[in-house]
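Colleague: Can you read through this structure? Questions will come right after.
The values are calculated or read from the model by the stated rules, or taken from the named source; none is laboratory data. Everything quoted here is computed from the prediction, not taken from an experiment. Cβ atoms come from the backbone with ideal geometry, glycine included; neighbour counts cover every protein chain shown.
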Amino acid sequence: MTESTYRIQGATGDWEVVIGLEVHAQITSSAKLFSGASTEFGAEPNTQVSLVDAAMPGMLPVPNQECVRQAVRTGLALNAEIHKYSRFDRKNYFYADLPQGYQISQLYHPIVGEGVIEVALDEKDPDSEVRQIGVERIHIEQDAGKLMHDQHPTMSYVDLNRSGVALMEIVSRPDMRSPVEAGAYVKKLRSILRYVGSCDGNMEQGSMRADVNVSVRKPGDELGIRTETKNVNSVRFVQQVIEIEANRQVDVLEAGGEIVQETRLYDPDRNETRSMRSKEDAHDYRYFPDPDLLPLELTDDFIADCKSSLPELPDAKRKRYETELGLTTYNAAVLTAEAETARAFEVLLKETAGKQGKAETDVATQVANWSLSIAPGVQKALEVTADHEHNTPAANAAILAMVAGGSVSGGQAKEIYEIALKTGRDPEEIADTDGLKQTSDTGAIEEEIEKILEANADKVEEYRGGKDKLFGFFVGQTMKAMKGKANPQVVNELLKKKLG
């Protein structure tokens with residue numbers, strides 16, 4: 001059983017870690033939050049910048065309704081309170097990649113209030129501890145641009161392509177107590193966002209990143225002073241930052257020092273955090289309502305439409321896979337962890353059930369085992385991905401139908417699949433023309449069994465005398481004689497009859 005308990009042993013005893021995360025998730029939208037400029041990733045620098053994004057005089061922001069809709073859908077997926085009234089504020093600070101000299105955000109009246117995310121510390125373990133992590137708020141804000149320091153030895157460049165891109169800032173409660181728990185939270189949040197379609201969750205491209213707030217205290221004491229490590233872009237790095245920063249704070253406190261509230265950066269090459277600037281409080285940003293933007297006022301119909309558009313979410317899907325399809329806890333958890341995996345499984349499940357003329361519940365375990373074990377193994381050996389052009393649901397279903405019908409063995413199915421991936425040939429044609437079908441011809445199998453029993457009369461007597469383990473020997477000899485093409489079930493039945 002996985003536990004969330006995490007203590008740092010110091011010279012003065014145990015220390016407890018307290019963790020809160022502020023996750024910035026780029027909202028899925030073809031246009032920016034307040035302009036029509038494109039949000040496509042990978043464009044040449046400064047080619048996706050409108051006059052609004054560049055803060056040209058007289059340019060006024062206009063809210064993108066799709067961004068509002070996606071934020072509401074996300075809040076509903078987290079069982080959070082949706083605020084019918086919300087408002088944009090100006091967060092004032094000066095930085096080279098912020099053309100306006102302020103960021104449009106939501107401090108006083110966010111669009112989404114309190115919610116909760118349920119995380120299992122190990123989704124694959126049915127006995128894993130489950131925790132409720134509180135979500136304090138979700139607000140919408142615009143992203144800043146990007147400074148590039150490695151293009152010239154004496155100067156930095158500014159790319160404003162990201163300037164004005166819509167973000168959801170999802171702020172957790174300080175409810176997490178271990179790196180493992182924080183990692184599970186980020187993975188679960190990422191999974192929900194991808195199911196909903198409100199963010200692609202691509203941390204490597206920066207469309208989802210976390211600010212990691214860490215403090216330490218003696219168990220039972222008041223909360224300690226926290227630090228914030230900015231823009232951490234992988235689950236593994238989030239966990240490393242927590243461990244590094246917590247241990248650093250314990251060392252400082254036990255040496256008689258004090259923790260300074262500050263913003264820090266993580267250096268993955270050196271695996272360390274370092275100070276960036278002192279941490280500002282809200283009043284330092286001189287927040288005030290943005291005079292160019294009216295408040296957002298949501299109708300009941302708008303919220304209801306957002307709710308009706310939500311898909312089946314991962315927790316509900318996992319429970320359905322277990323209760324209705326009869327899958328194991330492990331298989332259900334792995335299949336539902338990512339929206340793409342679940343979609344591929346359900347397409348193949350439907351195709352396989354239709355091919356075999358059975359109910360989906362009757363073939364679910366076969367499809368799950370194929371999807372999670374056999375198919376990925378062959379793909380890895382061939383160095384191809386699941387989206388390979390020849391890896392179609394129809395081809396996979398055809399192979400599974402032949403296995404279920406007893407015309408091919410498990411080993412032959414893997415061979416057929418490998419050939420199909422390489423060539424795109426029809427699996428049934430491969431089985432017929434490449435000699436990859438097993439025989440259920442009882443006459444041919446009986447003939448070989450007779451020869452084997454006659455040649456091993458001494459072992460037959462030993463078996464009949466109670467040495468049951470020899471049955472496997474006779475099965476192996478029969479399969480060898482049939483060159484692996486005999487139906488194992490038929491072989492077992494005939495041998496039991498002959499030896500009985």
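Colleague: Is it the case that residue 484 is surrounded by fewer than 14 Cβ atoms within 10 Å (Cβ to Cβ), outside the structural domain of residue 365 (by TED's automatic domain parsing) and touching a residue at least 40 places away in the same chain (Cβ under 8 Å)? It would help to see each step written out before you state the result.
Modeller: Details: surrounded by fewer than 14 Cβ atoms within 10 Å (Cβ to Cβ): yes; outside the structural domain of residue 365 (by TED's automatic domain parsing): yes; touching a residue at least 40 places away in the same chain (Cβ under 8 Å): yes.
Here the answer is yes, as residue 484 does meet what is asked.
Residue-by-condition table, conditions (1) β-branched (Val, Ile, Thr); (2) more than 30 Å from residue 257 (Cβ to Cβ); (3) under 31 Å from the mean Cα position of the chain (by Cα):
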position: 11; (1), (2), (3): no, no, no
position: 35; (1), (2), (3): no, yes, yes
position: 38; (1), (2), (3): no, yes, yes
position: 41; (1), (2), (3): no, yes, yes
position: 79; (1), (2), (3): no, yes, yes
position: 82; (1), (2), (3): yes, yes, yes
position: 85; (1), (2), (3): no, yes, no
position: 101; (1), (2), (3): no, yes, no
position: 106; (1), (2), (3): no, yes, yes
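Colleague: Do we find a residue being in contact (Cβ under 8 Å) with a residue 12 or more places away in the chain, within 30 Å of residue 225 (Cβ to Cβ), assigned to a loop (DSSP other than H, G, I, E, B) and in the same structural domain as residue 50 (by TED's automatic domain parsing) anywhere in segment 185-197?
Modeller: Going residue by residue through segment 185-197, those that are in contact (Cβ under 8 Å) with a residue 12 or more places away in the chain are 185-197.
Going one step further and asking which of them are within 30 Å of residue 225 (Cβ to Cβ), we end up with 185-190.
This time we only want the ones that are assigned to a loop (DSSP other than H, G, I, E, B), so: none.
Within segment 185-197 (the criterion being in contact (Cβ under 8 Å) with a residue 12 or more places away in the chain, within 30 Å of residue 225 (Cβ to Cβ), assigned to a loop (DSSP other than H, G, I, E, B) and in the same structural domain as residue 50 (by TED's automatic domain parsing)), the answer is no, since none of the residues qualifies.
Colleague: Also, quick follow-up: Which residue is nearest to the chain's Cα centre (by Cα), if the candidates are limited to segment 145-179 and must be part of a loop (DSSP other than H, G, I, E, B) and of a type in the set (Ser, Thr, Tyr)? Steps first, please.
Modeller: Filtering segment 145-179 down to residues part of a loop (DSSP other than H, G, I, E, B) leaves 145, 149-156, 160-165, 173-175, 177-178.
If we keep only those that are of a type in the set (Ser, Thr, Tyr) too, we end up with 154, 156, 163, 178.
Numbers: 154: 41, 156: 35, 163: 27, 178: 20 Å.
The extreme case among them is 178.
Colleague: Listed residues 141, 136; which is within 18 Å of residue 24 (Cα to Cα), among the charged types (D, E, K, R) and in contact with a Phe, Trp or Tyr (Cβ under 9 Å, 6 or more places away or on another chain)?
Modeller: On the way: 136 fails: in contact with a Phe, Trp or Tyr (Cβ under 9 Å, 6 or more places away or on another chain).
Sole residue among the options that is within 18 Å of residue 24 (Cα to Cα), among the charged types (D, E, K, R) and in contact with a Phe, Trp or Tyr (Cβ under 9 Å, 6 or more places away or on another chain): 141.
Colleague: Just the residues that are outside any helix (DSSP H, G or I) and either under 21 Å from residue 387 (Cα atoms) or in the same structural domain as residue 191 (by TED's automatic domain parsing) (or both), please, taken from segment 316-366. If you could, list the steps in order and put the result at the bottom.
Modeller: As a first pass, look at segment 316-366 and keep what is outside any helix (DSSP H, G or I): 324-328, 337-338, 357-359.
Once the filter is applied, which keeps residues that are outside any helix (DSSP H, G or I) and either under 21 Å from residue 387 (Cα atoms) or in the same structural domain as residue 191 (by TED's automatic domain parsing) (or both), segment 316-366 yields 337, 338.
Colleague: With the condition kept exactly as written, say whether any residue in segment 89-99 is of a type in the set (Gly, Ala, Ser), outside any helix (DSSP H, G or I), within 24 Å of residue 158 (Cβ to Cβ) and at pLDDT 95 or above. It would help to see each step written out before you state the result.
Modeller: Restricting attention to segment 89-99, the residues satisfying the condition of being of a type in the set (Gly, Ala, Ser) are 96.
Checking the rest, the ones that are also outside any helix (DSSP H, G or I) come to 96.
After this cut, where a residue has to be within 24 Å of residue 158 (Cβ to Cβ) as well, the list is 96.
From what's left, at pLDDT 95 or above: none.
Looking for residues that are of a type in the set (Gly, Ala, Ser), outside any helix (DSSP H, G or I), within 24 Å of residue 158 (Cβ to Cβ) and at pLDDT 95 or above, one finds none in segment 89-99, hence no.
Colleague: Under the condition of being within 16 Å of residue 429 (Cα to Cα) and of a type in the set (Ser, Thr, Tyr), which residue from segment 356-410 is surrounded by the fewest Cβ atoms within 10 Å (Cβ to Cβ)?
Modeller: Among residues in segment 356-410 that are within 16 Å of residue 429 (Cα to Cα) and of a type in the set (Ser, Thr, Tyr), the one surrounded by the fewest Cβ atoms within 10 Å (Cβ to Cβ) is 392.
Colleague: If you don't mind, another one. So which residues in segment 490-500 are at pLDDT 80 or above and of a type outside the set (Asp, Glu), if there are any at all?
Modeller: So the first thing to find is which residues in segment 490-500 are at pLDDT 80 or above, and the list is 490-499.
Result: 490, 491, 492, 494, 495, 496, 497, 498, 499.
Colleague: Would you confirm whether or not segment 135-144 contains a residue that is surrounded by 15 or more Cβ atoms within 10 Å (Cβ to Cβ), in contact (Cβ under 8 Å) with a residue 12 or more places away in the chain and outside any strand (DSSP E or B)?
Modeller: So far as segment 135-144 goes, yes, one or more of its residues are surrounded by 15 or more Cβ atoms within 10 Å (Cβ to Cβ), in contact (Cβ under 8 Å) with a residue 12 or more places away in the chain and outside any strand (DSSP E or B).
Colleague: Name, by its number, the condition in (1) at pLDDT 95 or above; (2) in a loop (DSSP other than H, G, I, E, B) that does not hold for residue 205.
Modeller: (1)
Colleague: May I pose another question? Is one or more of the residues making up segment 86-101 within 15 Å of residue 291 (Cβ to Cβ), surrounded by fewer than 16 Cβ atoms within 10 Å (Cβ to Cβ) and aliphatic (A, V, I, L, M)? Break it down into steps so the answer makes sense when it comes.
Modeller: Taking segment 86-101 as the starting set, the residues that turn out to be within 15 Å of residue 291 (Cβ to Cβ) are 87-92, 100-101.
Next, only the ones that are surrounded by fewer than 16 Cβ atoms within 10 Å (Cβ to Cβ) stay: 92, 101.
Then drop every residue that is not aliphatic (A, V, I, L, M), which leaves none.
No, segment 86-101 contains no residue that is within 15 Å of residue 291 (Cβ to Cβ), surrounded by fewer than 16 Cβ atoms within 10 Å (Cβ to Cβ) and aliphatic (A, V, I, L, M).
Colleague: Residues that are farther than 30 Å from residue 385 by Cβ and among the hydrophobic types (A, V, I, L, M, F, W, C): find the helices (runs of 4 or more DSSP H) completely inside segment 409-500 holding 3 or more of those.
Modeller: 442-455, 470-481, 488-499
Colleague: Still on this structure: Does residue 17 satisfy being in a strand (DSSP E or B) and either at pLDDT below 95 or not basic (Lys, Arg) (or both)?
Modeller: yes
Colleague: Of (1) at pLDDT 95 or above; (2) surrounded by fewer than 20 Cβ atoms within 10 Å (Cβ to Cβ), residue 195 satisfies all except one. Which?
Modeller: Every listed condition holds for residue 195 apart from (2).
Colleague: Is it the case that residue 132 is in the same structural domain as residue 192 (by TED's automatic domain parsing), surrounded by 15 or more Cβ atoms within 10 Å (Cβ to Cβ), touching a residue at least 12 places away in the same chain (Cβ under 8 Å) and among the polar types (S, T, N, Q)? So that I can check it myself, show each step before the final result.
Modeller: Numbers: in the same structural domain as residue 192 (by TED's automatic domain parsing): yes; surrounded by 15 or more Cβ atoms within 10 Å (Cβ to Cβ): no; touching a residue at least 12 places away in the same chain (Cβ under 8 Å): yes; among the polar types (S, T, N, Q): yes.
Judged against the criteria, residue 132 is not a match.
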